[in-house]
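Working notes, structure below.
Just so it is clear, none of the values below were taken in a lab; they were calculated from the coordinates. Note that the structure is predicted; figures quoted are calculated from it, not measured. Every residue, glycine among them, receives a Cβ derived from its backbone with ideal geometry; neighbour counts consider all protein chains shown.
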Amino acid sequence: MANPYYAKTDIGPPNFWNMLPQVIKDNYGNWLYHEKVKPGVLKHVGETGDELYTVRVGSPRLLSIETLRWFADIADKYCDGHLRFTSRHNVEFLLADGTKVDALVDELEAAGWPVGGTGRSLKNLIHTQGWIHCHSAATDASGTVKAVMDDLYDYFKKDDLPAKLKISMACCLNMCGAVHCSDIAFVGVHRKIPKVDDYGVANGCEIPNVVASCPTGAIRPNPKAKSVTINEEKCMYCGNCYSVCPSLSIMDPENDGIAIFVGGKVSNTRKGPEFSKLVIPFIPNEPPRWDSLVVAIRNLVEIWVKNAKQGERYGEWIERIGWEKFFEVANLPFTDKHIDDFTFSVPTFRSTTQFKFTDKK
Amino acid sequence: MTEKKRPLLDELKKGKWPSFVTEMEKSAATKPAVNTLLNLVERSFEEKRVHWKHGGIVGVRGYGGGVIGRYCDLPEEYPEVAEFHTIRVNQPSGWFYDSKAIRSLCDVWEKHGSGLTNMHGATGDAILLGTTTPHLQDCFNDLSDAGFDLGGSGSNLRTPSACCGPARCEYACFDTLDLCHHVTNKYQNELHRPMWPYKFKIKISGCPNDCTSSIARADLSIIGTWRDRIRVNQKAVAEYVDGGLPIKSAVLDYCPTKCISFDKEKKEINIDNENCTRCMHCISVMPKALRVGKEKGATLLLGGKATIVQSAFLGWVIKPFIKLDKEDGYQELHDLLEKIWEWWDENAKVRERIGELIYRKGMGEFLKATDLEPVPQMVHHPRANPYFFWYPEDFAAEKEAKEAKKEVAGSEVSE
């Protein structure tokens with residue numbers, strides 16, 4: 001049945017100004033400083049002397065409207081109805097009255113919502129859709145994140161790490177959410193070339209786009225079949241061709257899994273932004289709790305906690321000791337997979353005789 | 001229908017971290033489709049594979065984006081999620097909400113969808129996860145009546161996002177929230193109607209801490225900065241020191257340009273601001289004592305993106321400082337942005353991001369097309385190879401300079 005009514009278009013998002021609590025409107029642009037009250041609780045002080053408290057809780061990002069309505073109720077009860085979300089899927093309750101903070105924290109915690117993730121803590125994991133809602137996922141997102149966060153829960157609750165710790169997850173190389181600049185990033189990977197369904201390619205895909213989508217030039221037209229062929233020696237399993245052509249399925253349940261990269265960051269503090277670098281090329285998919293992944297990440301976190309100086313992010317610690325030393329400390333094998341052979345590899349080769357020996361026993 | 005057992009997902013209801021399975025079960029209590037979704041995901045856990053197909057073209061009247069089609073690859077077995085489309089809802093700047101807005105979003109989604117959301121997706125939108133084609137227009141109508149609009153998807157301007165900025169941060173060097181709201185509203189057409197070679201992302205961070213991770217993923221990354229001096233409250237410095245802050249190891253040693261010195265007697269610091277690169281470290285460690293400068297604005301960086309296709313790029317400086325004047329509607333930014341889009345739209349191949357286009361065509365061409373001056377702040381170091389272009393205009397300029405010199409010399413003689 002045709003709908004007689006069509007919505008007004010291009011109205012844009014709701015105006016943020018109408019969402020702000022009065023204390024923010026009064027101190028907008030005039031905050032003086034902030035301090036940590038306790039893990040998960042921040043206090044901002046304005047030039048007027050006004051105080052704003054923020055209580056941060058971690059969420060799994062996937063939220064039901066039942067929970068959202070409960071958050072709205074909590075915001076009404078303690079915060080005159082005001083709350084916000086962060087870029088890392090936390091929920092923040094904003095209130096001017098510091099005497100209500102403890103009761104708010106207690107009520108959130110009692111309902112199972114962890115207060116934490118500020119200062120030198122493990123931040124909430126950012127992640128992607130995974131098997132719940134994506135076609136190109138090489139692993140699940142919510143499941144792996146839940147397993148890792150259960151294991152590292154205490155690091156979210158406390159803020160006594162050497163520095164902040166950002167762990168991020170992407171379920172394929174599209175890397176929605178830019179996980180490639182995180183202290184620890186784990187990423188769903190494929191390891192076998194796509195299977196070409198000639199009929200589907202011929203009837204459903206634009207061949208020039210498919211050829212152009214390949215970063216390594218592995219795809220050639222196959223005029224006979226009105227399809228394409230994939231050169232096994234050149235394909236690096238990125239899955240981009242599958243993104244533009246559904247008839248090049250790259251999914252392979254027995255061989256798909258997870259790679260781990262470390263040492264990246266986005267902030268410009270000290271040395272500046274860095275990509276994360278490969279340390280573990282492959283961990284198999286082990287639903288429901290991905291035990292090998294959880295152990296691997298815990299080990300990576302613990303060696304940093306044990307060895308980093310106060311204030312050193314993951315990559316800053318590695319830069320100080322050297323990558324060769326990192327592989328020794330982490331007790332991880334260094335393989336052909338770790339040496340770049342993609343587009344910009346040469347500057348990553350060591351063009352100096354300065355290095356540390358790690359093979360003396 | 002007999003209740004299906006889901007032993008694998010049940011394992012993920014255990015543990016202290018909030019469980020997405022529990023969230024899905026809350027929705028499943030009233031929405032049969034979510035119960036089916038849980039069964040489908042259980043099957044994915046058993047088989048270690050996805051059961052979703054590529055998105056088809058679905059949408060709402062007047063828009064080319066904002067809805068992502070999602071279809072199950074086993075529609076006969078899981079008919080309730082045969083179609084399970086995603087709607088992207090443009091978030092308010094800085095993700096600030098009040099309870100009324102949250103409830104109105106929930107009411108619309110209860111009526112028209114699965115009740116599952118992502119708060120928020122990586123780009124910034126509130127994601128409404130799972131509905132069917134016949135519901136799309138009605139859902140959009142109700143969202144629009146409730147004051148919400150859709151976000152971007154496909155080859156268009158993606159929903160801009162911003163950090164909390166001046167609403168709750170003393171580091172904010174400009175009004176991130178206002179700029180985000182302004183840019184989003186000014187470019188509604190670009191946001192809702194895909195017309196470009198590929199996606200274009202704008203992320204807005206109020207200071208070099210870059211809380212929106214803009215440098216790693218935004219085609220245009222706007223990062224707050226200042227060009228004068230860090231403001232120092234020496235009394236507060238002394239209080240940090242008296243409070244036990246090891247100022248040498250925690251602050252001075254970490255300064256990337258070693259431009260801070262500390263006078264032990266006076267318990268005062270001295271910052272050589274000429275050599276400060278505004279990294280935020282000292283300010284972040286001593287927020288009560290140090291404040292960003294007063295002459296504030298932003299640095300513009302271009303080209304950031306994740307790996308696919310050529311490689312991941314971090315955004316690079318194209319304009320070291322821009323004032324971002326609210327009063328004149330950010331005109332300088334808009335003029336530049338529109339030049340960038342025009343050049344990209346003219347020159348890019350299908351699915352080529354702006355950073356990849358610059359890599360293919362060269363920064364020289366990009367700078368010419370956008371009238372940006374080459375400055376040393378754009379590079380870590382100048383080129384180390386002898387391959388560079390000369391253009392007719394270079395020779396023309398040389399000739400002009402030579403003639404001007406001759407004229408000057410001639411006039412000297414005549415005197």
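Sorted from fewest to most neighbouring beta carbons within 10 Å, what does the list B:Val251, A:Val41 look like?
Values: B:Val251 25, A:Val41 21.
Ascending number of Cβ neighbours within 10 Å: A:Val41, B:Val251.
Can you tell me the convex hull volume per residue for the stretch B:7-145, based on C-alpha atoms, in Å³ to the nearest whole number?
Details: hull volume 18.5 nm³, N = 139.
That works out to 133 Å³ per residue.
In the protein assembly as shown, what % of DSSP beta bridges are antiparallel (nearest 5)?
Details: 76 of 90 bridges.
Once the DSSP bridges in the protein assembly as shown are tallied, antiparallel ones form about 85 percent.
Can you tell me the Rg and the Dmax, both Å, for the Cα atoms in chain B?
Both quantities, over Cα of chain B: 27.0, 108 Å.
About its Cα centre, how strong a charge dipole does the stretch B:7-145 have in debye, to the nearest 20, once Lys and Arg get +1 and Asp and Glu get -1 at the Cβ?
Numbers: 15 positive and 19 negative charges, 72 e Å.
In total the dipole reaches around 340 debye.
Over the Cα atoms, compute the radius of gyration (one decimal) and Dmax (the largest Cα-Cα distance, rounded to a whole number) for the protein assembly as shown, in Å.
26.7, 108
So what are the ³J(HN,Hα) numbers for the stretch A:143-150, from phi and the Karplus equation (6.51, -1.76, 1.60; θ = phi - 60°), rounded to whole Hz, Gly and Pro as x?
Karplus values, whole Hz, x for Gly and Pro: x, 5, 5, 4, 5, 5, 5, 4.
Run lengths n ≥ 4 of DSSP H only: what is the helix-derived mean residue ellipticity at 222 nm for chain B, with -39500 (n - 2.57) per run over all residues, to the nearest 500?
Values: 14 runs with 147 residues, N = 415.
Computed ellipticity for chain B at 222 nm equals -10500 deg cm²/dmol.
Relative to the first principal axis of the alpha-carbon coordinates of chain B, what is the inclination of helix B:392-414, with its axis defined by its Cα atoms, in degrees from 0 to 90 and to the nearest 10?
It works out to around 20 degrees.
Give a quick list of trypsin sites (Lys or Arg not before Pro) in the stretch B:21-75 that DSSP marks as loop, anything other than H, G, I, E or B, with at most 13 other Cβ atoms within 10 Å. Spell out each step's value before the answer.
Working: sites: B:Lys26, B:Arg43, B:Lys48, B:Arg49, B:Lys53, B:Arg61, B:Arg70; in loops: B:Lys48, B:Arg49, B:Arg61, B:Arg70.
Answer by residue number: B:Arg61.
Would you order A:His127, A:His89 from fewest to most other beta-carbon atoms within 10 Å of each residue's own beta-carbon? Show your work: numbers first, answer last.
On the way: A:His127 30, A:His89 25.
Exposure proxy ranking, most exposed first: A:His89, A:His127.
Using a cut-off of 28 Å between alpha-carbon atoms, which lysines can reach B:Lys339, once sequence neighbours fewer than 8 places away in the same chain are excluded?
Filter leaves B:Lys186, B:Lys199, B:Lys201, B:Lys203, B:Lys296, B:Lys305, B:Lys319, B:Lys323, B:Lys326, B:Lys349, B:Lys361, B:Lys368.
Per the Cauchy relation, a quarter of the hull surface: what is the mean projected area of the convex hull of the alpha carbons in the stretch A:274-361, in nm²? Can you show the working numbers first?
Working: hull surface 30.5 nm².
Reported value for the Cα convex hull: 7.6 nm².
How big is Rg to Rh over the stretch B:285-415, alpha-carbon atoms, Rh as the Kirkwood inverse-mean-distance radius?
Details: Rg = 20.5 Å, Rh = 18.5 Å.
Using only Cα positions, Rg/Rh for the stretch B:285-415 is 1.11.
Quick check: net charge around A:Arg220, other residues with Cβ under 14 Å of its Cβ, Lys/Arg +1 and Asp/Glu -1?
Numbers: positive: A:Lys224, A:Lys226, A:Lys234; negative: A:Asp198, A:Glu232, A:Glu233.
Spelling it out: positives minus negatives among the neighbours equals 0.
What is the fewest-to-most order of B:Leu136, A:Leu62, A:Leu152 by other Cβ atoms lying within 10 Å of their Cβ?
Details: B:Leu136 22, A:Leu62 30, A:Leu152 19.
With the fewest neighbours first, B:Leu136, A:Leu62, A:Leu152 line up as A:Leu152, B:Leu136, A:Leu62.
A 20 angstrom limit on the alpha carbon distance is what I want to check against. Which of A:Lys38/B:Lys288; A:Lys166/A:Lys265; A:Lys265/B:Lys14; B:Lys4/B:Lys26; A:Lys226/B:Lys53; A:Lys309/B:Lys288 exceed it?
Values: A:Lys38/B:Lys288 17 Å; A:Lys166/A:Lys265 8 Å; A:Lys265/B:Lys14 31 Å; B:Lys4/B:Lys26 16 Å; A:Lys226/B:Lys53 23 Å; A:Lys309/B:Lys288 23 Å.
The pairs that break the limit, which is 20 Å between Cα atoms, are A:Lys265/B:Lys14; A:Lys226/B:Lys53; A:Lys309/B:Lys288.
I need the chymotrypsin sites (Phe, Trp or Tyr not before Pro) found in the stretch A:306-361, filtered to DSSP loop residues with at most 16 other beta carbons within 10 Å of theirs. Mind showing how you got there, number by number?
On the way: sites: A:Tyr314, A:Trp317, A:Trp323, A:Phe326, A:Phe327, A:Phe334, A:Phe342, A:Phe344, A:Phe349, A:Phe355, A:Phe357; in loops: A:Phe334, A:Phe342, A:Phe344, A:Phe349, A:Phe355, A:Phe357.
Sparse-neighbourhood loop chymotrypsin sites (Phe, Trp or Tyr not before Pro): A:Phe334, A:Phe342, A:Phe344, A:Phe349, A:Phe355, A:Phe357.
How large is the Rg to Rh ratio of chain A when both quantities use alpha carbon positions and Rh follows Kirkwood? Spell out each step's value before the answer.
Details: Rg = 24.1 Å, Rh = 23.4 Å.
Answer for chain A: 1.03.
For the stretch B:91-122 and the stretch A:79-151, what is the separation of their Cα centres, given in Å?
16 Å
Please compute, for peptide B:6-15, the average count of beta-carbon atoms on other protein chains lying within 10 Å of each residue's beta-carbon. Walk me through the intermediate numbers first.
Values: counts 1, 1, 4, 4, 1, 6, 11, 1, 4, 7.
Partner Cβ neighbours, averaged per residue: 4.
Using a 10 Å cut-off around each Cβ of peptide A:175-185, what is the average number of partner chain Cβ atoms that fall inside? Each step should come with its number before you reach the end.
Details: counts 8, 5, 7, 16, 5, 7, 9, 2, 0, 0, 0.
Across the residues of A:175-185, the mean count of other-chain Cβ atoms within 10 Å is 5.
Please give the Cα centre distance for the stretch A:192-269 versus the stretch B:145-179, rounded to the nearest Å.
Here the two parts' Cα centres lie 34 Å apart.
What are the extents of the Cα atoms of the stretch B:231-291 along their three principal axes, in Å, largest first?
Principal extents (Cα only, largest first): 27, 19, 17 Å.
Averaged over peptide B:102-112, how many Cβ atoms belonging to another chain are found within 10 Å of each residue's Cβ? Before the final figure, lay out each step's value.
On the way: counts 11, 7, 2, 5, 8, 2, 1, 3, 3, 0, 0.
Mean partner shielding for this stretch: 4.
Hey, got a sec? Which GluC sites (Glu not before Pro) in the stretch B:1-88 land in a DSSP loop and have at most 11 other Cβ atoms within 10 Å?
Details: sites: B:Glu3, B:Glu11, B:Glu23, B:Glu25, B:Glu42, B:Glu46, B:Glu47, B:Glu76, B:Glu77, B:Glu80, B:Glu83; in loops: B:Glu3, B:Glu76, B:Glu77.
The qualifying sites are B:Glu3, B:Glu76.
With chain B treated as a Gaussian network of Cα nodes joined by springs under 10 Å, which of B:Arg229, B:Arg351, B:Arg383 yields the largest mean-square fluctuation?
B:Arg383
To the nearest 20 debye, what charge dipole does the stretch B:231-291 have about its Cα centre, counting +1 at the Cβ of each Lys and Arg and -1 at the Cβ of each Asp and Glu? Working shown, then result.
Details: 10 positive and 8 negative charges, 35 e Å.
I would put it at about 160 debye.
For the stretch B:224-235, take each phi angle, set θ = phi - 60°, evaluate the Karplus expression 6.51 cos²θ - 1.76 cosθ + 1.60, and give the result in whole Hz per residue in order, putting x for glycine and proline.
For the stretch B:224-235, the Karplus curve yields x, 7, 9, 10, 9, 10, 5, 7, 10, 9, 5, 4 Hz.
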